[in-house]
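K.L.:
So that we are looking at the same thing, I have put the structure below in structure tokens.
Every number here is computed from the coordinates shown, using simple stated rules; none is lab data. Model, not experiment: these values are computed from the prediction. Note that we place each Cβ from the backbone using ideal geometry, even for glycine, and neighbour counts take in every protein chain shown.
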Amino acid sequence: MSAKADARVGGVGRGVGVAGLLAVAGALVAGAGAGTTEAAHPDAFPGIRANHAWSVLVLLALGLAALLCAGLVARRTGRVARVVVAAAVAGLVLLAGRVAWDVAPMLGCGGADGLARQPDGSYTCYDR
């Protein structure tokens, strides 16, 4: 193959890699968001429930690491691809910020296996 064809194949490979990393990051951030459903809607889930705060935090950190990798790989792609990746990264970072906002109050119950939200918005920790 010629050098031009090699460069084109490499560019396509990087684009596919970026798309895969964005898909992984999106799945991880969405999974972390699913773990905060009970925190976002406390009236729908009254009483003591399982404490998933640290697992949500791990999913969120892995998702942000995948976003960082996608951004680094995208630096070597074309201009249009960089704009698309930047928009996707921005959207996922905003979603990750929302998830972090929901899970932050629960991190105080890190060692407890159960928690309950109080009317004032705080959490009470329980060991079952």
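K.L.:
May I ask you to list the residues in the range 37-65 that are surrounded by 16 or more Cβ atoms within 10 Å (Cβ to Cβ), part of a helix (DSSP H, G or I) and not small (G, A, S)?
P.N.:
E38, V56, L57, L59, L60, L62, L64
K.L.:
Which number in (1) surrounded by fewer than 19 Cβ atoms within 10 Å (Cβ to Cβ); (2) closer than 16 Å to G26 by Cα marks the one condition that R79 misses?
P.N.:
Of the numbered conditions (1) surrounded by fewer than 19 Cβ atoms within 10 Å (Cβ to Cβ); (2) closer than 16 Å to G26 by Cα, the odd one out for R79 is (2).
K.L.:
Let me ask something else about it. Could you tell me whether R14 is within 30 Å of D113 (Cα to Cα), surrounded by 14 or more Cβ atoms within 10 Å (Cβ to Cβ) and touching a residue at least 40 places away in the same chain (Cβ under 8 Å)? Explain how you work it out, then say what you get.
P.N.:
Numbers: within 30 Å of D113 (Cα to Cα): no; surrounded by 14 or more Cβ atoms within 10 Å (Cβ to Cβ): yes; touching a residue at least 40 places away in the same chain (Cβ under 8 Å): yes.
Considered against the rule, which asks whether it is within 30 Å of D113 (Cα to Cα), surrounded by 14 or more Cβ atoms within 10 Å (Cβ to Cβ) and touching a residue at least 40 places away in the same chain (Cβ under 8 Å), R14 comes out as no.
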